[in-house]
Each structure stands twice: as structure tokens, then as C-alpha cells.
Amino acid sequence: MAGALDALRPEPHRGDVVAAGVAALVTAIYVLETRFEQTWGVGVRLVIEALAAVFVGVLAVQSPVEGERPRAYQSVLYVATFLLAILALKSLADVLGANHPISAPGTFVWVGLLLLALCAWFSARRNSAIMTLLGAGSFAVAVEGFIQWVFSPNGATTFRWILVLLIGAFVLASLNQRGARPRHAVQFVNAAGLAAVVLGLTFAFDLIFSGLSTVLGGGPERHGVGTGWELFLLACGFGLVAYSAVDREAGPAYLGVLVLALFIGIAAPRSASGASLIGWPIVLLLMAGAMLAIGLRPSRPLPPPPDAGAPPPPPPTPLGSEDPTEVQRP
């Protein structure tokens, strides 16, 4: 047994090759799942997917820890383990009698919790920031599935409010990790940004389908969403961009731009009776003018330069001096 485990311990200098092979393996397993879903029995697919997940998981766990953070090939192994675990748990749910393993709320709960445990182990024991992000996503899926399973709410309003609570929870988690584990704090911010994107998409899809029904069936015309929801999305977008600028992290900026794009789509006027500056246009213009005026205002006297008060540089070392600290004196 020990010899088999030693054989499955990737050598660091071959880690990139192992990661490339694992990426090909994961792709092959997903192709098999898609192509043979209606041909092979679920038990056969479960065995194949479970064996692949265990194999890649052993590679991930056996990979040696070399520093404070995992190397790139190790992150590939961690994510590959997560992706294969999703397929294996989906097939397991089907074997256990879930007729619709993708959509059943109860299945979402226990699958999400198992994936969360997997991500939490890699995040805590291997200091993997990407697994922190995947764990946050698994937690969100489990929470949404639990609410749907227990309370069976109608409509999208409850789903949206749960997203708001998740965004707040991820922001608090980011603040908690900001000092000790800054890379993980960034991933919690990314998780909050993704939740905000999903929130914006629920409104965008609602407006798109409403517009199509209006055009095709003469249904009632929609004029946008509530101002409170629009304000929340606007705050999320600006907050993500500001966080990216302060901490110099690219991920939150991309998500913030996407949230702002969704805000523009849902905050645009929906009526053909005419356009008006009243509302968001004038509010945003006033905000822009105020901030630009503050940023471009003249400042007299000018503040001291950043290096003011620093000690002067040491005199240059004379050529030919044996002691580099020795300075010729007149």
C-alpha cells in the first residue's frame, strides 16, 4: 500500500506534466458522461467517475508542500478533484434514487455540503485560495437548496434575498481573513461579486423574457426593477471596482464591471413614451461631478513629496578602496 502511494506522489519537477495529464483526464471523463449518459448505466458511470476522482484526489493530497502557497500544478490537481467529485456525486444521487439529481433541492444540499467539506480541507490544509472560492460557491448552492427544500418559496424574490445575505456573509468573511490570509480574503470578495452577478442576471432574464412576451403575446410592459435592487447592484459594482483599485487585484474589477453592465441594462428606461434625465442619469452625473471636483480641486500649498524627511543617501564609495565602508576624507 505504501509503495502504491509513493508511486502516486508527483515529483515537483514533473508537476506541470502531471497537471496536463489530469486536465486531459477530466476532459475525457466529462466527454464520456455527456456522450454515454443515455447508453451506459448510472452504476457504470459512477464507478468510472469515482475511480477518476479518487485517483486525482490521491495525486492532489500526495503532492508535496513546498512553500506557503501551492504551486500552479497543485492548484490544477485541487480543481480537477473538485470537478470529478461533482460528477461522481451527481451519479451517486441518481443511484440513491434522486430522479432529477441536477434540480432536486435536497440533492443540492448534501452534494453542496460534501463539496464544501472537500474545498475546506484543501483551503485549510493546503492554503489553496482557489478552493476557498469554490467552497464559497458550494456553500451558496447548499444554502439556496436548503431554503428551496424546506420552505418551497414561490418566485425569485426569496432567491434574490438569499443572494443578498450571501453577499454580506462573503464580505464579512473577507474582512475576517484580510489580515491573516489576504489571498483567501480576495477570493471571498470574488465570491460576493459572483453572487452579485447572479443577482443581476435574475433581473436581466426577467426583463428579457417579459419583453419577449410583450412583443409576442401583447403582455404587460415592464418598466424595470425596484430602485432598491438597482441601488444595491450599483453599490456592489462600485465596491468591487474600489476594492480592486485599493488592493490591486484584477478579479474583483472584472466582476465589478460586469455588475455595472448588468445595472445599466436593468436601469435603462423601458417605456417608449419618452426619455428623461430624472432618476439614475442625473444622480450618476451629480456623483461624477462631485467626485471629479474633489479630485481635481487645486491644492495650495502642495503636500510634501513622499520621500520628504528621509535620510540622505550615503556618499559614494571611492574607487580603489579596500573597505567598501571607508570614505576618503580631504
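General remarks:
- Ordered from highest to lowest accessible area with the whole protein assembly present and a 1.4 Å probe, PHE139, PHE122 read as PHE139, PHE122.
- Taking one quarter of the surface of the C-alpha convex hull of segment 22-125 gives a mean projected area of 6.7 nm².
- Local electrostatic count at ALA104 - Lys and Arg +1, Asp and Glu -1, tallied over other residues with Cβ under 12 Å: 0
- Sulfur and carbon atoms: percent of accessible area, segment 1-43 [1.4 Å]: 63
- Taking Lys and Arg as +1 and Asp and Glu as -1, the other residues whose beta-carbon sits under 13 Å from that of LEU87 total -2.
- Neighbour net charge for ARG45 - beta-carbon separation under 13 angstrom, K R +1, D E -1: -2
- Solvent-accessible surface (1.4 angstrom probe) belonging to TRP110, in square angstrom, nearest 10: 80
- Computed 3J(HN,Hα) for segment 153-168, one whole-Hz value per residue from the Karplus formula 6.51 cos²θ - 1.76 cosθ + 1.60 where θ = phi - 60°, is x, 9, x, 9, 5, 5, 4, 5, 5, 5, 4, 4, 5, 5, 4, x, glycine and proline marked x.
- Rounded to the nearest Hz, the phi-derived 3J(HN,Hα) couplings of segment 63-69 under the Karplus curve 6.51 cos²θ - 1.76 cosθ + 1.60 (θ = phi - 60°) are 4, x, 7, 10, x, 5, 10, where x marks glycine and proline.
- The residue list ALA129, TRP149, GLY112 was ranked by how far each Cα lies along the charge dipole of segment 45-154 toward its positive end, using unit charges on Cβ atoms, and ALA129 comes out on top.
- Per-residue packing, averaged as other Cβ atoms within 10 Å, sorts the ranges 128-134, 5-11 into the order 128-134, 5-11, beginning with the highest.
- List PHE151, PHE238, ordered by accessible area with a 1.4 Å probe, largest first: PHE151, PHE238
The values are calculated or read from the model by the stated rules, or taken from the named source; none is laboratory data. In this text, all values refer to a predicted model and were calculated from it rather than measured experimentally. Methodologically, a virtual Cβ is constructed for each residue, glycine included, from the backbone with ideal geometry; neighbour enumeration extends over all protein chains shown. The accessibility values were calculated without ligands, DNA or RNA, using every heavy atom of the protein model including side chains. Shrake-Rupley method; radii C 1.70, N 1.55, O 1.52, S 1.80 Å.
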